[in-house]
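Nothing in this text is a laboratory measurement; each read-out follows from the coordinates by a stated rule. Quantities reported herein were computed from a predicted structural model and do not represent experimental measurements. No Cβ is skipped: glycine too gets one built from the backbone with ideal geometry, and neighbour counts run over all protein chains shown.
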Amino acid sequence: MHCRPRSGPAPFRPRRPGGWVSNRSLLGAAAALAAASFVGWLCLRIARSLVTPIVQRPERTRILDVDDGSVTFRADQDTSAPGVYSLYWGNRTGHARIGQVISSDNRARTVTRRVEKIYSGRLGRDTAGYWSGYVYPTPEGAGLPFEDVQLPGPAPAWLIPGTAQRPWVIHVHGLGGRRATGLRTAPFFQRLGCTQLLISFRGDPDAPPTPDGKHHLGLSELADVEAALDYAAAHGAGSIIISGWSMGATMALAAAHTSGHRDLITGLVLTAPVLDWHRTLFSHTASRRLPTALAMGVLRILRGPLHRFAGLAQPLDLRTLDFTAMAPPVPAIILHSVGDASTPIRISEDYAARFPDLVSLVRFPACRHTQEWNRDPALWENAVEGWLHHNAGSLSARSGPRIER
């Protein structure tokens, strides 16, 4: 006779602790992998955005009302800022020069500003555009005589004639900018008698793109600055001042150290300069309360084998553009806002403190990146003129014939 097993619940067998530990380890590893993947994706996204040209800027500044010679905006950091600026709309088909604040209404949170000049398009209620530190669209718009010239590249440039025996000034704009950047200071340099060359470079909106369609953050663009120096030297420049803005200042400093014409470069005017890409990116992430590891990740992507995922044909080793440990070969003046959120003034302060005999630093009230002249044109111009006269070599009468035809 066979005994049938008694039915009922299975006997309790305690689970070994190792199983729980193993599961927790797997969950932790999965979470770490997900976090690392997210950080990697974010680094790649930042790297791509840094080197990808902007096709169209968002147009978020809206006109609330238009009156005879004035416009009213919602008050914000841009529309309330002292100075003269530009409003572009319709993907740059419209352009107006916007003057000083006439009145403001704190209760309604609005600000009314003077319209100094409408260069193109029509301003109307509900027109939306973007705010810019540019002031003039062309030298003609600034009331200056000029000639269109073509530099090798091809890279179109504006040549503004000056007086013989005065230095040339080569204006170099920043990342994503245009040659019109330097036009706000061109009338000042013309009053000093300087011949001026406002250049474009590969990848900017006025010149052909780079072969891979990306910005190279000054590494390949420096060749176009060298072409401008070639042109100036071939047309009789005996001394050259480079006026660089943001990344243009990066290239100005690099040219002073490495150019074949560095013996002609007698001074550097650097507005909101990017002196060190590494410190700039680290400061940028820290100011936004992001992990500084992101900046390191971005730099590794740009210079390492992952550069192709950012759309680059060649890696970008930005360490080769860092000259902050070396004394500048010529006197330099830095004009920098204490409130610059893109390129912190601390980097400029450290550079000026390291080489006080060669680098002068002029601090500006808080303003947007590269809008120092807009914020206080008198401070900008008086500082540069005083610096030029103090460093007599920058205004030396060594120039030969001004323009060779």
Collect residues whose amide H, placed 1.01 Å from N in the peptide plane, falls under 5 Å from the amide H of Ile102; neighbours closer than 5 in sequence don't count. Thr112, Arg113, Arg114
So for region 61-132, averaging the separation of alpha carbon pairs under 8 Å that are six or more residues apart and normalising by length, what relative contact order in percent results? 40 percent
Mind putting together the pair-distance distribution for the chain? All Cα pairs, 20 Å bins, whole percent per bin, short to long. 24, 51, 16, 5, 3, 1, 0
Going fewest to most other Cβ atoms within 10 Å around each Cβ, Ile301, Ile347 line up as Ile347, Ile301
Residues with amide H under 5 Å of His369's amide H, sequence separation 5 or more or different chain, H placed in the peptide plane at 1.01 Å from N; which? Ala341, Ser342
In Hz, Karplus ³J(HN,Hα) per residue of region 81-89 (6.51, -1.76, 1.60; θ = phi - 60°; x = Gly, Pro): 5, x, x, 10, 9, 10, 10, 10, 8
Please build a GNM for the chain, connecting alpha carbons under 10 Å apart, and tell me which residue among Ala353, Ala47, Ala227 fluctuates the most. Ala353
Positive-end residue, region 61-132 charge dipole about Cα centroid, Cβ charges, pick of Ser70, Leu123, Val101: Leu123
Please identify the DSSP H helices in the chain that span no less than 20 Å along the helix axis (Cα) and have a mean Kyte-Doolittle hydropathy of 0.5 or more. 17-51
GNM of the chain, Cα pairs under 10 angstrom: of Leu183, Leu321, Leu306, the biggest fluctuation goes to Leu306
Treating only the Cβ of Lys, Arg, Asp and Glu as charged (+1, +1, -1, -1), what charge dipole size does region 184-242 show about its Cα centre? Round to the nearest 20 debye. 280 debye
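Between rounded, prolate and oblate, where does region 110-233 land on the alpha carbon gyration tensor, with a ≥ b ≥ c its root eigenvalues, rounded for a/c under 1.5, else prolate if a/b exceeds b/c? Mind showing how you got there, number by number?
Working: a/c = 2.43, a/b = 1.27, b/c = 1.92.
Oblate.
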Going fewest to most other Cβ atoms within 10 Å around each Cβ, Asp317, Asp340, Asp212, Asp148 line up as Asp148, Asp317, Asp212, Asp340
Mean separation of Cα contacts under 8 Å (6+ apart) over length of the chain, as relative contact order %: 15 percent
Most positive-pole-ward Cα, Leu302, His278, Thr292, against dipole of region 258-304 from beta carbon charges: Thr292
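Using unit Cβ charges (K, R positive; D, E negative) and no other charged atoms, how large, in debye to the nearest 20, is the dipole of the chain about its Cα centre?
My answer is approximately 2600 debye.
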How do His235, His173, His390, His95 line up, fewest other C-beta atoms within 10 Å first? His390, His235, His95, His173
Determine the sum of side-chain charges near Arg363: Lys and Arg each +1, Asp and Glu each -1, restricted to other residues whose C-beta is under 10 angstrom from that of Arg363. -2
Amide H of Tyr134: which non-local residues (sequence gap of 5 or more, or other chain) have their own amide H closer than 5 Å, using H built in the peptide plane? Ser86
